[in-house]
1. Out of region A:85-102, which residues are out of contact with any strand residue (DSSP E or B) (no Cβ under 9 Å at 6 or more places or on another chain) and either surrounded by fewer than 23 Cβ atoms within 10 Å (Cβ to Cβ) or away from every other protein chain (no Cβ under 14 Å) (or both)?
2. Among the residues of region A:104-111, is any free of Cβ contacts under 8 Å to residues at least 24 places away in the same chain and either acidic (Asp, Glu) or touching a helix residue (DSSP H, G or I) at 6+ places or on another chain (Cβ under 7 Å) (or both)?
3. Can you tell me which of B:Ala179, B:Ala166 is within 17 Å of B:Ala212 (Cβ to Cβ) and surrounded by fewer than 16 Cβ atoms within 10 Å (Cβ to Cβ)?
4. Given the criteria more than 20 Å from the chain's Cα centre (by Cα) and either under 27 Å from B:Asn2 (Cα atoms) or in a loop (DSSP other than H, G, I, E, B) (or both), does A:Leu195 qualify?
5. Condition check: among the hydroxyl-bearing types (Ser, Thr, Tyr), surrounded by fewer than 19 Cβ atoms within 10 Å (Cβ to Cβ) and touching a residue at least 12 places away in the same chain (Cβ under 8 Å). Does B:Ser38 satisfy that?
6. Please specify each residue of region A:203-223 satisfying the condition of being more than 11 Å from A:Arg169 (Cα to Cα), in a loop (DSSP other than H, G, I, E, B) and at pLDDT 90 or above.
7. Can you name every residue in region B:146-181 that is in a loop (DSSP other than H, G, I, E, B) and either under 24 Å from B:Tyr116 (Cβ atoms) or β-branched (Val, Ile, Thr) (or both)?
8. Among the residues in region A:219-232, are any surrounded by fewer than 17 Cβ atoms within 10 Å (Cβ to Cβ) and more than 10 Å from every other protein chain (Cβ to nearest Cβ)?
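The values are calculated or read from the model by the stated rules, or taken from the named source; none is laboratory data. Because the structure is predicted, anything quoted here is derived from the model rather than measured. Here the Cβ positions follow ideal geometry from the backbone for every residue, glycine too, while neighbour counts run over all protein chains shown.
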There are 2 protein chains.
Amino acid sequence: MNLILLEPDEAKGDGQVRLTDARAAHIRSVLRATSGQSIRVGILDGPLGTGVVTMVTDEAVTLACAFEATVPAPPLVDLLLAVPRPKVLRRLWAQLAALGVARIVLTNAERVERNYFDTHLLEPAHYRPLLVEGLQQARDTRVPQVTVHRQFRVLVEDALDVLCPARVRIVAHPGDDAAPISRSVGTRPDDRVALAVGPEGGWNAFERDLLASRGFVPVGMGPRVLRSDTACVALLALVHDAVLSRQAARAHTAVSAGQAGSGIMP
Amino acid sequence: MNLILLEPDEAKGDGQVRLTDARAAHIRSVLRATSGQSIRVGILDGPLGTGVVTMVTDEAVTLACAFEATVPAPPLVDLLLAVPRPKVLRRLWAQLAALGVARIVLTNAERVERNYFDTHLLEPAHYRPLLVEGLQQARDTRVPQVTVHRQFRVLVEDALDVLCPARVRIVAHPGDDAAPISRSVGTRPDDRVALAVGPEGGWNAFERDLLASRGFVPVGMGPRVLRSDTACVALLALVHDAVLSRQAARAHTAVSAGQAGSGIMP
């Protein structure tokens with residue numbers, strides 16, 4: 001936990017917060033915080049801030065919190081993911097939130113086994129704590145929006161443009177021929193990116209064609225075939241890196257323009 | 001299993017192989033292979049090849065194998081990793097082998113807890129099957145070389161140059177100031193890359209300085225703090241992508257040079 005996250009109703013107007021659960025135990029036993037010490041706090045889908053410890057007892061930890069004026073922007077990346085095996089899904093939730101996705105669209109596909117939809121890991125009561133765990137790791141407050149879709153075609157034809165209005169759309173495709181991610185996210189720093197990741201056996205031809213018809217361009221990571229959770233983490237890391245590079249390029253251009261300007265008017 | 005891997009002594013001179021373990025079960029139940037069907041095979045640290053199924057019974061599967069003349073080159077990436085918690089280490093072995101590392105150098109560090117060294121997961125009998133699982137996933141035959149070091153200083157000062165003679169050396173460092181990986185692996189396509197990944201709480205100042213004195217340059221992935229297994233997968237994905245980009249740039253240069261040449265001598 002690199003950040004203590006609070007539900008919106010836990011942080012009252014005066015900033016006084018009393019914790020009695022695992023967060024209190026973490027502050028006591030891992031951070032070993034004492035009265036007067038400041039720790040990082042945040043409100044779920046709200047601002048980051050600082051909490052000054054005002055009391056530590058065996059039952060509770062109390063904090064006096066002050067929050068920033070602005071709320072962090074959600075990540076620029078959305079994920080369209082064919083529902084993986086429950087064992088893989090369990091491992092993925094916290095990692096997806098930590099890597100940073102604004103939206104997770106879980107979908108059926110031909111090679112998704114029907115019983116994958118039966119798991120309790122698709123219920124908010126089970127996955128939300130895992131998402132929050134990932135946010136506390138990554139120091140973010142923005143909880144990914146999750147939707148689950150049992151009909152791939154209906155999702156892609158009718159719902160996807162509303163859920164993921166990303167201009168840049170890429171679909172992971174193993175093989176040497178697909179373009180690298182770094183060359184597929186465009187150059188506009190603020191463009192959202194939607195990444196589609198298929199089931200363990202890949203999308204079938206119909207699914208690939210339907211995604212292509214909605215603007216999804218194939219991208220790859222070289223010849224090695226990765227397990228779907230490894231692939232998901234690797235792909236999101238590459239997308240985020242490409243997005244950061246776009247932003248760095250803009251910052252660099254802005255600096256260059258500034259220097260040119262100062263040359264004209266010395 | 002995208003590849004059936006054989007121990008060197010299982011593949012005799014005539015290429016006849018008889019399998020009775022989990023690989024036979026996989027060929028029977030997952031691949032549903034029948035006589036005459038070809039499947040991908042490989043010899044550990046040896047060549048890839050093709051196995052024609054000659055018999056399938058409840059007890060055994062027999063294959064007639066033919067192997068390529070050359071052995072795949074080991075990956076260009078070595079990993080120096082502070083020993084993680086056993087739970088994390090268990091998850092990492094197969095993923096590291098799948099992503100592709102020639103050598104895994106596990107080391108102590110100040111923030112590695114002493115009891116992390118007590119796990120059976122540091123014994124070859126326990127980790128080798130997990131590495132092989134990762135290779136079977138990624139279709140590679142080269143088993144990462146693993147060594148375990150309890151003294152960081154002795155490792156870095158006396159052994160590292162022999163173990164990892166990589167010219168490009170980078171150390172993961174969370175934070176905005178570190179350079180992106182894509183700009184830190186140089187441009188020479190064949191240069192090996194050594195990546196150092198610290199413990200959950202990071203390297204201490206002494207460790208960072210010692211690594212810097214041996215040529216390790218800090219690299220980062222932006223502001224988000226990741227769990228060490230997520231970070232390891234993400235970092236290796238970025239290093240491999242940068243290495244592939246170097247190779248693609250060479251191929252591009254070679255093509256351009258060829259075109260220029262044909263222009264001169266039409």
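1. Matches in region A:85-102: A:Arg85, A:Pro86, A:Lys87, A:Val88, A:Arg90, A:Arg91, A:Ala94.
2. Looking through region A:104-111, none of the residues is free of Cβ contacts under 8 Å to residues at least 24 places away in the same chain and either acidic (Asp, Glu) or touching a helix residue (DSSP H, G or I) at 6+ places or on another chain (Cβ under 7 Å) (or both).
3. B:Ala179
4. It is false that A:Leu195 is more than 20 Å from the chain's Cα centre (by Cα) and either under 27 Å from B:Asn2 (Cα atoms) or in a loop (DSSP other than H, G, I, E, B) (or both).
5. Considered against the rule, which asks whether it is among the hydroxyl-bearing types (Ser, Thr, Tyr), surrounded by fewer than 19 Cβ atoms within 10 Å (Cβ to Cβ) and touching a residue at least 12 places away in the same chain (Cβ under 8 Å), B:Ser38 comes out as yes.
6. A:Trp203, A:Asn204
7. Result: B:Arg150, B:Gln151, B:Cys164, B:His173, B:Pro174.
8. no
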